[in-house]
Amino acid sequence: MAPYLVGRIEKNGWTITVQKDVRDILESASVDVAGGAIKGIVWSHYHFDHTGDPSRFPSSTKLIVGPGFKARFPRENTWPNKENSPLREDMWARRELVEVTSEAFEKSGIRVGRFRAVDWWGDGSFFFLDTPGHLLGHLCALARTTAADGEGDDSFIFMGGDAAHHGGEFRPSEYLPLPKSLTLDGALLKGKNFPSPCPGEVLQGIHPKQSAAEPFYSAKEGFNEDTELAKWTIDGVVEFDGHDEMLVVIAHDHSLLDVLDFYPNADANGWREKMLNRKGWWRFLADFASGIEQAAGGAGKL
Ligand SMILES: [Zn+2]
């Protein structure tokens, strides 16, 4: 990483462990990374926990970024040309840097939900979505996981990056209201006094607005580069999340870690038969266990 980031990480006393790099994972499935099998890697945005280490890919692998990136990071704004830059010049000095530009989004004429979209392969299988707010150039992606045969069983995985950071930012919603009763699996609740099943009123009771149809959280002022745009983007995630053909995965959703299967042990296309979206919807509520325990206890429901 750029020295500026290393310094910040050390100053904050953080320890960052990467057991397997993306390249290691690909190679464990016999993908010929050195031979150029990976044509491009995508940065949802340039925060260090999302960039990986592009230098582990050969120079034939392109780096794909979102709108405005090239203007913010000309060579002179990268380390070592600029001391405090978060990005190193050698991350893309010897590879093609491809920006999905604002003009490309406008020219495509495609909207998916509220978002401007680019159909990357031109066959409806994979879209980049212009999802501004968290950081300049923030991209989400939408991958089709069932054939577009008009049989009514469409399914997509929405790769949300940092459009939101916790399920409580987009659930519950008018499309996906709190359930009347909720049973979370035992592993999530280990050592906790979480009611099982937990009545919907108890969940609603700890909601800041006592609402069953509005998200628990809203984006904090100053957390994202543009708060208003970030909120607009989250509203779009709410709309996606309300569709049963959509598996919404945001980068930091730890509640999905034991719901999803991981490459190479998974066929992502099969998520809908396994109802992985439904399995994951309410698991974030385990993070509120102590409040829920208190509320349930106070109401004499335990
Ligand atoms: Zn981020």
**OP:** Mind running the shape call on the stretch 158-223? Use the C-alpha gyration tensor, a ≥ b ≥ c as the square roots of the eigenvalues: rounded below 1.5 for a/c, prolate if a/b tops b/c, oblate otherwise.
**Re:** prolate
Original post:
Between His47 and Glu221, what FRET efficiency comes out of the Förster formula 1/(1 + (r/R0)^6) with R0 = 25 Å and r the beta carbon distance, rounded to 0.05?
Top reply: 0.85
**OP:** Please list, or write none, the aspartates and glutamates whose alpha carbon is within less than 16 Å of the alpha carbon of Lys70, excluding same-chain residues fewer than 8 places away.
**Re:** Glu89, Asp90, Glu96, Glu99, Glu103, Asp130
Original post:
Any idea what log10 I(q)/I(0) is at q = 0.13, 0.15, 0.20, 0.24 Å⁻¹ for the stretch 48-131, Debye with uniform C-alpha scatterers and no solvent?
Top reply: -0.50, -0.65, -0.99, -1.17
Subject >> Largest-first principal axis extents of the Cα set of the stretch 141-191 (Å) >> reply: 46, 26, 26
**OP:** Mind jotting down the distance between the C-alpha centroids of the stretch 235-302 and the stretch 89-108, whole Å?
**Re:** 33
**OP:** Output the relative contact order of the stretch 67-118, whole-number percent, from Cα pairs under 8 angstrom with separation of 6+ residues.
**Re:** 27
Original post:
What residues qualify as long-range amide H neighbours of Lys62, i.e. H under 5 Å apart, gap of 5 or more or another chain, H built at 1.01 Å from N?
Top reply: Gly40, Ile41
Original post:
Once you sort the root eigenvalues of the Cα gyration tensor of the stretch 94-170 as a ≥ b ≥ c, which label holds: rounded (a/c under 1.5), prolate (a/b larger than b/c) or oblate (the other case)?
Top reply: oblate
Subject >> 17 Å tail of the calculated P(r), the stretch 189-302, as % of Cα pairs >> reply: 66
Original post:
Using alpha carbon coordinates only, what is the Rg to Rh ratio of the stretch 67-109, with Rh defined as the Kirkwood radius?
Top reply: 1.09
Subject >> Formal net charge of residues neighbouring Lys82 (Cβ-Cβ distance under 11 Å; K, R +1; D, E -1) >> reply: -1
Subject >> Rounded to 5, percent antiparallel among DSSP beta bridges of the stretch 1-121 >> reply: 30
Subject >> FRET E, pair Glu10, Asp235, Förster distance 51 Å, beta-carbon r, rounded to 0.05 >> reply: 0.85
Original post:
In terms of modelled amide H atoms, which long-range or inter-chain residues lie less than 5 Å from the amide H of Phe126?
Top reply: Trp120, Trp121, Arg144
Subject >> Two-site label geometry, Glu83 and Val18: point separation in nm, points 7 Å out along Cα→Cβ >> reply: 2.6
Subject >> Whole-number percent relative contact order across the stretch 186-302, with pairs defined as alpha carbons under 8 Å at least 6 apart >> reply: 40
Subject >> Normalised alpha carbon radius of gyration of the stretch 241-302 [divisor 2.2 N^0.38 Å] >> reply: 1.43
Subject >> When the convex hull of its Cα atoms is projected in every direction, mean area for the stretch 1-144 (nm²) >> reply: 9.9
Original post:
What share of the DSSP beta bridges in the chain is antiparallel, in percent to the nearest 5?
Top reply: 60
Subject >> Whichever lysines have a C-alpha closer than 30 Å to that of Lys279, once near sequence neighbours (fewer than 8 apart) are set aside >> reply: Lys20, Lys180, Lys190, Lys192, Lys209, Lys220, Lys231, Lys301
Original post:
Using a 1.4 Å probe on the protein chains only, how many percent of the accessible area of the stretch 217-302 belongs to carbon and sulfur?
Top reply: 52
Subject >> Pairs of Cα atoms farther than 30 Å apart, the chain, % >> reply: 39
Original post:
In whole Å, what three semi-axes, largest first, describe the equivalent ellipsoid of the stretch 122-253 built from its Cα gyration tensor (square root of 5 times each eigenvalue)?
Top reply: 28, 21, 13
Original post:
In a GNM of the chain with a 10 Å cut-off on Cα contacts, which of Ala251, Ala104, Ala230 has the highest mean-square fluctuation?
Top reply: Ala104
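The values are calculated or read from the model by the stated rules, or taken from the named source; none is laboratory data. What you are looking at is a predicted structure, and each value in this text was computed from that prediction instead of being measured. All Cβ positions, even for glycine, are placed from backbone atoms using ideal geometry, and neighbour counts span all protein chains on display. Quick note on the areas: whole protein, heavy atoms, side chains included, nothing else; ligands and nucleic acids left out. Shrake-Rupley method; radii C 1.70, N 1.55, O 1.52, S 1.80 Å.
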